[in-house]
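This report concerns only the one structure given below.
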Amino acid sequence: MADAAQFLGIGLIGQKFMGRAHSNAFRQVGPFFGPALVPRLECVAGRDGPELAAFAARFGWRRSTTRWQDLIGDPSVGLVDVATPNHLHAEPAIAALGAGQHVLVEKPLANTLAGARALRDAARAAAARGVHAYVWFNYRRCPAIGLAWNLVREGRLGAIRHVRCHYLQSWGGPQTPASWRFRRDLAGSGAHGDLNAHSIDLARFLLGEEIDVVHGAVARTFHPLRPDPSGAAHLPSDVDDALAFTATFRNGAIGTFEASRVAGPHLNRNTIEINGERGSLRFDFEEMNVLHVWDAEDGAREGGWRRVVATEAGAHPWVEHWWPPAHPLGYEHTFTNMVADVLGAVGGHAPTVPLADVADAYETQRVLEAALVAAREGRAVPLADVL
Ligand code: NAI
Ligand code: SOE
């Protein structure tokens, strides 16, 4: 930890999957990164009181509350972290920004474009007062993706022609119980908002280019009924189980995106491949420490994919804060790497690679919306029509 550390009080909303991932990141960042600004796990808000108390004790939160509103304007809380279902992102985030608190919020930005826009506007107003707001697009912070970002910036790919993204999972079969993830009013969409959000963000981030048209999309709800968690009945599911779309970027590159929760045997296959005139890159989260690199200059005789293991301190971002070279990182490190960059940014330092702020995530939300309209109406949707 830095010598003259200052503390940033954290208020977390949500205590389940992402509540655990974020808590872990706030705890790890101090010892591993030694930031000048150190998170203090001040208060966690959740709905289930007894479970919440146990969670708070296990992860080292000083206090807990069943009312997220208690965090807003609390002078001990400098940053509010929103890790709740999608319909409950915008309201607490906007309230915190209004109270002058920095915000971290989970993806997708909101369950509706209108909600996302309201949050973007609030973040813009808050930014003018020096308040920061970032979105948990954590895959940007795999070292292999950081390397890819640098290679694209160095011009190693030349003119980019193709971006090919898959985010394939297989947990969403007919036996998977109903939850907020299968309700359009709460989630906004299904595999699309959940998974394509990451892919769109990665594509925009790596290319540094915006999508200008969604040319076509297909969405399917294969399982419109799901078991009630109590097992007593079936409840409707009105979100996509899978959605695929094609798009073009402003620089003319073709993008294909496919998200699914029913793509057995894929587990968490978040892949992106970029083909340029001079080089290509390929990443698969199921092998997250690896970046495949192809360089056209290698020529026909010895050309081919080179398998780069991104575990070299100094050569690959964030690695120097973890283990000696050649020791792989995992899912949780992406969150800690992000917290380290957020703390730096709040302290006035440039992040290792750009963070997704709320305005940035709003652009991803516009693409999500364009693809939903394209699927519903069976037509191409220019992004200029989705504001
Ligand atoms: P989850 O269902 O596991 O947990 C949601 C939590 O929110 C629960 O603790 C629940 O009690 C709490 N909650 C719901 N309503 C609340 C209220 N009114 N007040 C306080 N707490 C409330 O969901 P999960 O998987 O943690 O997802 C949360 C968000 O994180 C979603 O937006 C999801 O898209 C995103 N996510 C992002 C990931 C990433 O890779 N960046 C990975 C997984 C989820
Ligand atoms: C579930 O599909 C999920 O946890 C998503 O919500 C995350 O965003 C993704 O990173 C992993 O899968």
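The values are calculated or read from the model by the stated rules, or taken from the named source; none is laboratory data. Because the structure is predicted, anything quoted here is derived from the model rather than measured. All Cβ positions, even for glycine, are placed from backbone atoms using ideal geometry, and neighbour counts span all protein chains on display.
Side notes on the structure shown:
- Flag for Val358 being within 15 Å of the chain's Cα centre (by Cα) and either in the same structural domain as Pro317 (by TED's automatic domain parsing) or more than 13 Å from Phe137 (Cβ to Cβ) (or both): yes
- Of the criteria (1) in contact with a Ser or Thr (Cβ under 8 Å, 6 or more places away or on another chain); (2) in a strand (DSSP E or B); (3) away from ligand 2 (no atom under 16 Å from the Cβ), which one Val218 fails: (1)
- Restricting attention to region 74-107 and to residues that are in a loop (DSSP other than H, G, I, E, B) and within 14 Å of ligand 2 (Cβ to nearest atom), the residue that is nearest to Ser199 (Cα to Cα) turns out to be Lys107.
- The condition (being without any contact (Cβ under 8 Å) to a residue 60 or more places away in the chain, out of contact with any Phe, Trp or Tyr (no Cβ under 6 Å at 6 or more places or on another chain) and over 30 Å from Trp322 (Cβ atoms)) is satisfied by just one residue among Ala191, Ala233: Ala233.
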